[in-house]
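The block underneath contains the structure these notes are about, expressed in structure tokens.
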Amino acid sequence: MKRKHFVGLALAALLAIAPAFAQAPKGWKVRGDHSSDASDPDAAGSVKFVTSGSGFHATNPMAAIYWNPANTATGSYTLKGTFKLIKSTGFNEYYGLIFGGSGLEGATESYLYFMVTDDGTYLIKRRDGSSTQGVSPKTPSPAVKKPDAGGSATNALEVRVKADKVEFVINGTVVTTLPKTGAAAKTDGIYGIRINHQLDVQIDGFGMSKM
């Protein structure tokens, strides 16, 4: 019985890190985040994260994070990515950047994330294991581009980590600045991408540069 229990736990952990038939470019890892809300279920199908042009394309029936363990940042740095929502689903699901990550393959995963959605809002949160903590609440901003008549929207996100503060930038506008304290204190670590469920997103210009 103990062996069966261990095998079950190992399989569950594997599925969390690599959803069924997930695709990813060489060196990149995928960790799915299943919806536990019956009123907001995941869509059918498998997570796909592939090279597309000079960037990446994410197809997300379920929420997922994407990262390359070689991509780490410490001290002062700037992280950027331009996200094109291919077509809005009308569910206001968020997409954007993760940074300050550690333990992303295990039960103690930790990272900050900065994301936007269809209704013109952004949010900043921290994830530690299975729990999340709000760092900056869901906030409307004219800097966030909403979907056009065809359901598409493009938003350039940027995180500027400085010695004592972090600036969060959308389409060239600083939407908020937070001190590096509390939930926003840990900014060293792995950086990557998070796309929530039922979204289809192209990511270009993704990368980090030292300040």
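Quick notes
- For region 63-108, the convex hull spanned by the alpha carbon atoms encloses 115 Å³ per residue.
- The order of 128, 200, 148, 118, going from fewest to most other C-beta atoms within 10 Å of their C-beta, is 148, 128, 200, 118.
- Ordering 184, 129, 159 by Cα displacement along the dipole of region 106-196 toward the positive end leaves 184 in first place; charges were set at the Cβ atoms of Lys, Arg (+1) and Asp, Glu (-1).
- Alpha-carbon gyration tensor eigenvalues x 5, square-rooted, for region 107-193, Å: 24, 15, 11
- Angstrom value of the Kirkwood radius, inverse mean 1/r, which spans all Cα pairs in region 28-135: 15.2 Å
- Taking only the C-alpha atoms of region 171-211, Rg followed by Dmax gives 13.6, 35 Å.
- Note on residue 26 and residue 177: their simple-model spin labels are 4.3 nm apart, each label 7 Å out from Cα toward Cβ.
- Radius 13 Å from Cβ of residue 166, net charge of other residues (Lys, Arg +1; Asp, Glu -1): +2
- Remark: for residue pairs 26/180; 29/84; 26/146; 48/138, the C-alpha separation exceeds 31 Å in 26/180; 26/146.
- Taken about its Cα centre, region 75-123 carries a charge dipole of about 240 debye when Lys and Arg each add +1 at the Cβ and Asp and Glu each add -1 at the Cβ.
- The residues packed around residue 151, meaning those with a beta-carbon under 11 Å from its beta-carbon, carry a net charge of -1 if Lys and Arg are +1 and Asp and Glu are -1.
Bear in mind these aren't lab numbers, they're just calculated from the coordinates by the rules spelled out. Keep in mind that this is a model prediction, so the values were computed, not measured. With ideal geometry, Cβ positions are generated from the backbone for all residues, glycine too; neighbour counts draw on all protein chains shown.
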